[in-house]
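Quick notes on the structure that follows.
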Amino acid sequence: MRNNKAIRTIALGAALLGLCSISPSANAAPVSQSGTTTTTVTMPEYMVLHYYSAVALNFSATSSSASQTATSPLSATWTTLGDTSTTLAASATEVGPSSAKISLKNAWAIAGLSSSGTATVSITGTDFSATRVGSTSKINVTGYGLASTNGVSGAVSGATVTTLLRGVTGQTQTVGDVNMTLNFGNTTESGAHAGSFTITAQTI
C-alpha cells in the first residue's frame, strides 16, 4: 500500500513538472471582450429673436413758393360797398409723393434649433397716428412684409416666411428686412406720427 501511494505521488509530480515546462504561448489564446454603448444626445428646441425695439423715420422737405400769375392770376372783384372777394384760380397741390415704400434692412435675425431646422417669421402692424392730443392726422400703412435670403429654398418674402435657423454657432446667419408702404392721404399735420409692428418667430 505504501509503495502504491509513493508511485502515485511520483507520477503526479512528474505530470506537474511536465506542465510547467510547456510554454504558455503555445497553448493559451488571448482573451478579449467588447461591448457597444448606444449614446443619445438630446438637444433642446429653442428660439432667439433679435429685433429693434424702436425705429425713427425722419423725412425732410424743402419749402418753396411758386408764382401762379402767368397762367392763373389772382382775381379780385370790388363792389361799391367796398367788399372784397378774392379767388385763387389755381389749386394748391401737395409737394412730394402720396406714398412711400420703406425697407428696413436687417431689421431682425433669428437663431435656435427645431425638429425641422426651420422656423416661421411673421409680421403684423398698425397705422401711424399723430401723437398730438386731439389730432386726427394719420399715416396709413399697407403691405407689412418680411424678406430674407435664408429661406428653405432661397429668398423668401411675404407677411409670413419660412426660414432656416442659425443653430448654436451662428455661422449661417438668418437675417431679414421689414417692408411697408406709407400712405399720406390722411396726413394733415407735421410732427411725430407713431405706430408699431410686431415680429413673431416660431419653430416648426
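Against the numbered list (1) among the polar types (S, T, N, Q); (2) modelled with pLDDT of 85 or more; (3) not in a strand (DSSP E or B), THR124 comes up short only at (3). Name the residue that is nearest to THR42 (Cα to Cα), counting only residues in segment 132-148 that are more than 11 Å from the chain's Cα centre (by Cα) and part of a strand (DSSP E or B). Only one residue tops the list, namely GLY145. Exactly one residue out of THR200, THR162, THR181, THR187 is in a strand (DSSP E or B) and in contact with a Lys or Arg (Cβ under 8 Å, 6 or more places away or on another chain), and it is THR181.
In the set GLY143, GLY167, GLY112, only one residue is under 16 Å from LEU49 (Cβ atoms), surrounded by 14 or more Cβ atoms within 10 Å (Cβ to Cβ), in contact with a Lys or Arg (Cβ under 9 Å, 6 or more places away or on another chain) and of a type outside the set (A, V, I, L, M, F, W, C); that residue is GLY112.
Within segment 169-191, the set of residues being of a type in the set (A, V, I, L, M, F, W, C) and touching a Phe, Trp or Tyr at 6+ places or on another chain (Cβ under 9 Å) comprises VAL175, VAL178, MET180, LEU182. Identify the single condition in (1) surrounded by 10 or more Cβ atoms within 10 Å (Cβ to Cβ); (2) at pLDDT 90 or above that GLN33 does not satisfy, given that it satisfies every other one. Condition not satisfied by GLN33: (1).
The values are calculated or read from the model by the stated rules, or taken from the named source; none is laboratory data. Because the structure is a prediction, the values reported are computed rather than measured. For neighbour counting, all protein chains shown are included, and Cβ atoms are generated from backbone atoms with ideal geometry for every residue, glycine included.
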